[in-house]
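A.B. asks: Would you mind keeping the following structure in view while I ask a few things?
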Amino acid sequence: MVDPTPRSVKSVKSRLDTIKQGDEAQHSVSKVQSHFLVPSDKLDKITRRVIAPYAEIERKDVKEEVREGPYLDINRFNVFLEDTVDLNSLLYETANVLKAVTNSSGVFVYIVDPIKNEVVLMTQNTKNPERHEVNIPIEEGKIASAHVAFTKEYLVIEDVQRDRRFAEGLKWVDAKVALCMPVLKPDGDCYAVLELFRTHCEPYDHNIIYTVVSVACWSGAAVHQAQARITLQKTAHLNSELRTLLHNYFCDLASIDTMLTDMLAVIKSFIGAMRSSFFIIDREHIGEHLQADMWDDGWSSENTTMPRRKMKVNLSQEQTPAGLVARTGQVLNLRDVYRDPRFTKEIDPTTGTVVRTSLVAPIMDKNGVIGVVQLTNKTNAHPFDTDDEMIFSVFVNYCSLIVHFYNMQTKKIYHENLNKVYSNLMGLHLLPCRHDLEELMETNGVVLPPPNFKNYNYHISEGSKEDMPGLVCSMFVETFADRNFERQNLADFVLTVLLSYRDNPYHNAEHAFVFTHTMYLMLVNNTGYFDFVETAGLMLAGLCHDLDHPGFNNNYLQLTRHPLASMYRSSTLEHHHYFLAKKIIEGDKERALGYTPLSMMDRRRYLNQPPEQIQFLSVVVIPCLMIVQTVFPNTGPLLENCRKTQEAWHEEIAIRGQKLWRQSVSVPRASRNLFNANTDTATN
């Protein structure tokens, strides 16, 4: 162990050239500026040789402009900032250079593990270096390297064998003097400890200490720059990957399941985790239980990309890291979940993997936790470090966008379906009374107009308001004399429109009738000016122009922040009248698709309802009641009443003189619109 070799040599450049750079620097001066200009008269030959790769040395025989004060030269870090550089290997080689130039008998390099609060002795290059690791707790006293990592100050031991402060460590290599130097990063964290020692009694003088301090400072800065660069590169790459995934999701090119599966795979790959999970908390139903939807991509050893989603997970009761984070809103970086008494011991039954390390973060908004993201077990069996936490925080920021968009989409879908339900309910209540329809159809949907009906001075108050539906039908029939209407459809439409006007003092059904009457007179007295579509549009506009008018103007609706005012930016009531008119003109989905509905569902074939009911009673109800009566004899009256109902429907058929309905009549055929011409002869 007195002269250990590097663990790996991943860098593309040979570090042996570092030793030669000192001699080469005596013959040439770099054109680039360095961190500081070191006067040559203050350095001996050994020091110049060591720090030549890092600092520019002033030559007495070379005239060049010297800048006062420190300044940065990034080019001096080229070796340290290579993409393939192994920082630990580079540090080991630098330590060996120091060993040679300081005339030391040996050197040890300790890497600081901040998570475990230990220094780890670097070993010789082996296939499995972890088997030979020496881990030392960071504390004062006992061991010099751990003491320096704790104090972050260099230490000179002039007599190792007799120094009672450090009972363990260098004595086993028969060291006489030692110099322990911390490698500190600019942020103050200790990255490593260099431990030089001599087996002879010559102490380290001030020049040697100055040289080692200089190299340690440069090494710390190089490590910091390299780590920051690697982290920034990963972060930039992660940002690019996540932006692409979110773009596809926000543009409806990917579903939530696909997008989350891809995102979990990305973060798992970037950090090197074995498993990743995503939880979206159901904030709409928060009560005693904290419910959440969970997406889990499974263990990396399962080799599957299929998303595994549990519809609901109860995070308020589960003794898991995700449950604790959901309840507390605090980030967790757990070193050994299996031994933590707060959580259940989890072993995956499929792979037998034990949950050890876990990195869990909450997804927050102004109201609290809205989701949780969890990574489990690193592939290298190490705990998650600070760099992992930094990269993970970038991922969590994107996750907040996902959760907000997901909740927004969920609400959007809910309200769209709710609007459909309300729309269907509104359509049901807009249907005219059956008795009014039958009464209007007794006159074939048309009422004989009074003598002065074609006078602009005519007003409905001169007659009976109950005649308004029939008179409107008469106006439509006369206006489109060359077209044939399905009179029942026309009567149904007119009754529905007039029913949709509120009982207002002015904007009521009577006002709509008067307006339509005026439009009617203009059209019949000026034929040839408008084609069929224009005529139909004008008549429809006249009848529907104030549908469901609330009795207030647009300005009042905006001042009172009425829901209608928030739906339309301008012409609030006009948009509402138009919307409702479209809703009324729409009618049967099956018929619109070219199918004839069952007669019991078809308002056009309501006369066939009796045979439909008889068939239903015979095929479904009576057989069921016979079985029930067999089990419960006291239910006999139910069967008897059912048969009486069946007989009543037979009597209804006899009265109407209708034939029984047959299923063969429900075949696809062309749909007909209210204002399409009939090919059949109109019923008179």
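Nothing in this text is a laboratory measurement; each read-out follows from the coordinates by a stated rule. All values derive from a computational prediction rather than experimental measurement. Please note: Cβ atoms are built from the backbone with ideal geometry, for glycine as well, and neighbour counts cover all protein chains shown.
A.B. asks: What order, most packed first, do the peptides 239-252, 633-646, 173-186, 318-331 have when packing is the mean number of other Cβ atoms within 10 Å of each residue?
C.D. replies: Output ranking for 239-252, 633-646, 173-186, 318-331: 173-186, 318-331, 239-252, 633-646.
A.B. asks: Where does the charge balance sit around Tyr110 when Lys and Arg score +1, Asp and Glu -1, over other residues with C-beta under 10 Å from its C-beta?
C.D. replies: -3
A.B. asks: Given a Förster distance of 25 Å, report the FRET efficiency between Thr328 and Thr410 from their Cβ-Cβ distance, rounded to the nearest 0.05.
C.D. replies: 0.50
A.B. asks: Label points 7 Å out from Cα along the Cβ direction at Leu232 and Leu430: separation in nm?
C.D. replies: Once both label points are built, they end up 6.2 nm from each other.
A.B. asks: So how do 193-206, 408-421, 446-459 stack up, highest first, on mean other-Cβ count within 10 Å?
C.D. replies: Output ranking for 193-206, 408-421, 446-459: 193-206, 446-459, 408-421.
A.B. asks: In nm, to one decimal, how far is the modelled label at Arg569 from the one at Val631, with both set 7 Å along Cα→Cβ?
C.D. replies: 6.2 nm
A.B. asks: Something else about it: Per residue of segment 488-494, what does 6.51 cos²θ - 1.76 cosθ + 1.60 with θ = phi - 60° give for ³J(HN,Hα)? Whole Hz please, x for Gly and Pro, Karplus curve as stated.
C.D. replies: Going residue by residue, I get 5, 4, 4, 5, 4, 5, 5 Hz, with x marking Gly and Pro.
A.B. asks: Taking a spot 7 Å from the Cα of Phe532 along the direction of its beta carbon, which residues of segment 483-505 have an amide N less than 19 Å from it?
C.D. replies: Flagged as within label range: 483-491.
A.B. asks: Can I ask one more? At R0 = 56 Å, how high is the FRET efficiency between Asn380 and Asn417 if r is their beta carbon distance? Nearest 0.05 is fine.
C.D. replies: About 0.70, to the nearest 0.05.
A.B. asks: Further question: Taking 0.36 nm per residue of sequence separation and subtracting the Cα-Cα distance, how much length would be gained by fully extending the chain between Val213 and Asn455, in nm to one decimal?
C.D. replies: Residue separation times 0.36 nm, minus the Cα-Cα distance, leaves 76.1 nm.
A.B. asks: For Asp385, what residues show an amide H to amide H distance below 5 Å, using hydrogens built from the backbone and excluding near sequence neighbours?
C.D. replies: It is none; the list stays empty.
A.B. asks: Also: Report the charge-dipole magnitude of segment 437-589 in Debye, nearest 20, computed about the Cα centre from +1 at each Lys and Arg Cβ and -1 at each Asp and Glu Cβ.
C.D. replies: With Lys and Arg at +1 and Asp and Glu at -1, about 600 debye.
A.B. asks: Right, here's the next one. Out of residues 5 or more away from Asp113 or on other chains, whose amide H comes under 5 Å of its own, with H placed 1.01 Å from N in the peptide plane?
C.D. replies: Amide H neighbours of Asp113: Glu118, Val119, Val120.
A.B. asks: Something else: Quote the FRET efficiency, to the nearest 0.05, computed for Ala541 versus Lys312 with a Förster distance R0 of 56 Å and r equal to the Cβ-Cβ distance.
C.D. replies: Efficiency computed from Cβ-Cβ geometry: 0.65.
A.B. asks: What does the extension gain come out to for Asp340 and Asp503, with contour length at 0.36 nm per residue minus their alpha carbon separation?
C.D. replies: Residue separation times 0.36 nm, minus the Cα-Cα distance, leaves 51.6 nm.
A.B. asks: If each of Ser618 and Asn397 carries a label point 7 Å out from its Cα toward its Cβ, how far apart are those two points in nm?
C.D. replies: Once both label points are built, they end up 7.4 nm from each other.
A.B. asks: May I ask you to list the chymotrypsin sites (Phe, Trp or Tyr not before Pro) in segment 467-528 that are in a DSSP loop and have at most 14 other Cβ atoms within 10 Å of their Cβ?
C.D. replies: Here the sparse-neighbourhood loop sites are Tyr506.
A.B. asks: No solvent, one uniform scatterer per C-alpha: report log10 I(q)/I(0) for segment 464-506 via the Debye equation at q = 0.33 1/Å, two decimals.
C.D. replies: -1.20
A.B. asks: Ordered by residue, what ³J(HN,Hα) values in Hz, to whole numbers, does segment 227-243 give under the Karplus form 6.51 cos²θ - 1.76 cosθ + 1.60, where θ = phi - 60° and Gly and Pro are x?
C.D. replies: Listing the rounded values in order: 5, 5, 5, 4, 5, 5, 5, 5, 5, 5, 5, 5, 4, 5, 5, 5, 4 Hz.
A.B. asks: How much net charge surrounds Val477 when only other residues with a Cβ under 10 Å from its Cβ are counted (Lys, Arg +1; Asp, Glu -1)?
C.D. replies: +1
A.B. asks: Return the ratio Rg/(2.2 N^0.38 Å) for segment 375-445, where Rg is computed over Cα atoms only.
C.D. replies: Scaled against compact globular proteins, the figure is 2.61.
A.B. asks: Another question, if that's okay. Apply the Karplus curve 6.51 cos²θ - 1.76 cosθ + 1.60, θ = phi - 60°, to the phi angles in segment 622-627 and return the couplings in whole Hz, x for Gly and Pro.
C.D. replies: 4, x, 5, 5, 5, 5
A.B. asks: Any of Lys268/Lys345; Lys412/Lys583; Lys152/Lys345 with alpha carbons more than 29 Å apart? Name them for me.
C.D. replies: Lys152/Lys345
A.B. asks: Same structure, new question: What GluC sites (Glu not before Pro) in segment 441-522 are in a loop by DSSP, with at most 11 other Cβ atoms within 10 Å of the Cβ?
C.D. replies: Glu442
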